[in-house]
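Below you'll find the structure, written out as structure tokens, and then a few comments.
The values are calculated or read from the model by the stated rules, or taken from the named source; none is laboratory data. Keep in mind that what you see is a predicted model, and the values were worked out from it rather than measured. Positions of Cβ are backbone-derived with ideal geometry, glycine not excepted, and every protein chain shown enters the neighbour counts.
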């Protein structure tokens, strides 16, 4: 027949294992969501960088159009220059040609700079696309890994819950009620081992009377933290 002390020891171990399994079951989806977040963020970075490429191309096209417009204007002014009716008119047209030529030089520099920036952004799009693809592959790998272990973890969880229920059924009613309150509040920490005469939950030394009762397999609670106590296996040999 299972003794009270070994029953609590078993219950404690079962609860610890059950909590571990639940943590693993919760950790799997968290890992998947974390990798989904990385892949999603990379997709957003790709979209943002591609938008930057589009904006730079638009700015380059606008300046190219302005350059062509100015070149047409300069050609028209040069034809007028040959038919100027006075020195004043000649100087005015010449000044317009010089101003437009300077403006075109600035536009050419801006266009070249924009070409470089477009190329840089396009390279960055390719780079981020590679990062996004890697992130997507890692997400799929983790999702597959989590899906593969989940059935086994659920099976283990069910076995542990059945074992916990079986062990709980061995507790007397008054102990069971106190035990359930502690489990709701502390989970596996509802029970604590007594090692070298001290409660491992709060490190307070257990009274000699309680140690005698524990050695006789009686269930007692720690006077300080209220945990249900049991002796460590090395001390569970009687008084």
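Run residue 39 past the list (1) farther than 19 Å from residue 139 by Cβ; (2) in contact with a helix residue (DSSP H, G or I) (Cβ under 8 Å, 6 or more places away or on another chain) and report the number of the one that doesn't hold.
(1)
If only one of 62, 24, 71, 89 is in contact with a helix residue (DSSP H, G or I) (Cβ under 6 Å, 6 or more places away or on another chain) and either over 30 Å from residue 191 (Cα atoms) or part of a helix (DSSP H, G or I) (or both), which one is it?
Just a single option satisfies the conditions, and that option is 24.
Pull up segment 177-211, narrow it to residues that are at pLDDT 90 or above, assigned to a helix (DSSP H, G or I) and more than 42 Å from the chain's Cα centre (by Cα), then point me to the one that is nearest to residue 17 (Cα to Cα).
That would be 210.
I need a count of the residues in segment 11-36 that are surrounded by fewer than 18 Cβ atoms within 10 Å (Cβ to Cβ) and farther than 30 Å from residue 136 by Cα.
Count: 4.
Name the single residue, out of those in segment 97-123 being exposed (fewer than 15 other Cβ atoms within 10 Å of the Cβ) and touching a helix residue (DSSP H, G or I) at 6+ places or on another chain (Cβ under 8 Å), that is farthest from residue 45 (Cα to Cα).
Checking each candidate, the answer is 101.
Is it fair to say residue 52 is closer than 30 Å to residue 102 by Cα and not in a helix (DSSP H, G or I)?
no
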